[in-house]
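What follows is a set of notes on a single structure, which appears directly below.
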Amino acid sequence: MPHKGSLPSDVKTKLVEAYLTGEMSASAIGNTYSIHKRTLHEWVRLYKTRGATGLMPATTNRKYSPETKRMAVEGYLSGAGSLDDLCAKYDISSRKMLQNWVKWYNGHGDFKQPNSGGAIYMIKGRKTTIEERIEIVSHCITNNKDYGKTIDCYGVSYQQIYGWVRKYEKDGADGLTDRRGKRKDEASMTEVENLRLQMENELLKKLEALERGRDID
């Protein structure tokens with residue numbers, strides 16, 4: 001009969017060891033104990049990184065530095081690894097925990113600096129001009145997409161910067177134009193277009209210089 005309710009840590013350990021030695025398959029464990037395959041894989045990861053103690057009930061909340069949270073979130077958002085990969089890399093207790101960090105970060109959030117207890121504070125989006133958006137994207141890209149540093153420098157949200165970088169990489173500076181609202185008069189549009197082209201050329205020069213530097217390294 002399938003097991004109902006939470007399993008004791010010693011049973012979890014035996015199941016993980018049975019899975020690792022090939023004594024029981026994930027399907028057999030899942031069918032016998034009503035355990036989802038993802039849950040079993042999470043137990044296996046915790047067992048590999050923390051030993052049997054990783055499967056014991058936590059007596060205190062595990063602390064993570066703001067830098068660890070930021071690196072894990074930015075790694076996931078940049079495609080550097082899956083939730084499982086990054087949980088293993090940074091020894092994060094669960095996928096759900098990392099998912100929550102990503103939600104905070106995408107919701108205009110950031111992680112406070114050291115000595116703040118690892119709390120999260122909200123950075124709200126703000127209105128920007130096309131010139132500011134080009135400058136912000138330029139700064140972010142030339143600093144290896146360091147979103148945290150860009151947020152600190154320009155006081156805009158992570159979600160804004162992430163969206164602008166993606167639009168620039170897809171459509172160039174045209175993707176950074178705010179097309180909402182009424183159409184500007186022709187003279188004003190020409191002035192903005194000229195400025196956009198000038199700043200785009202400057203950004204391209206910075207990116208070319210950055211690439212040349214990487215080639216030399």
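With r as the distance between the Cβ atoms of residue 80 and residue 143 and R0 = 25 Å, compute the FRET efficiency 1/(1 + (r/R0)^6) and round to 0.05. The calculated FRET efficiency here is 0.90. Measuring between alpha carbons in the structure, the pairs from 89/170; 149/170; 96/127; 89/127; 63/103; 37/145 lying more than 26 angstrom apart are 89/170; 96/127; 89/127; 37/145.
Shape of segment 24-78 from the C-alpha gyration tensor: oblate (a/c of 1.5 or more and a/b not above b/c, with a ≥ b ≥ c the square roots of its eigenvalues). Applying the Karplus relation 6.51 cos²θ - 1.76 cosθ + 1.60 with θ = phi - 60° to segment 135-140 yields 3J(HN,Hα) values of 5, 5, 5, 4, 4, 5 Hz, where x marks Gly and Pro.
What the phi angles of segment 35-41 give under the Karplus curve with 6.51, -1.76 and 1.60, with θ = phi - 60°, is a coupling list of 10, 5, 4, 5, 5, 4, 5 Hz, glycine and proline written as x.
Here the Karplus relation 6.51 cos²θ - 1.76 cosθ + 1.60, evaluated at θ = phi - 60°, turns the backbone of segment 152-164 into coupling constants of 4, 6, 10, x, 10, 7, 4, 4, 4, 4, 4, x, 5 Hz, with x for every Gly and Pro.
No value in this document is a laboratory result; all are computed from the given coordinates. All values derive from a computational prediction rather than experimental measurement. We place every Cβ from the backbone using ideal geometry, glycine too, and count neighbours over all the protein chains shown.
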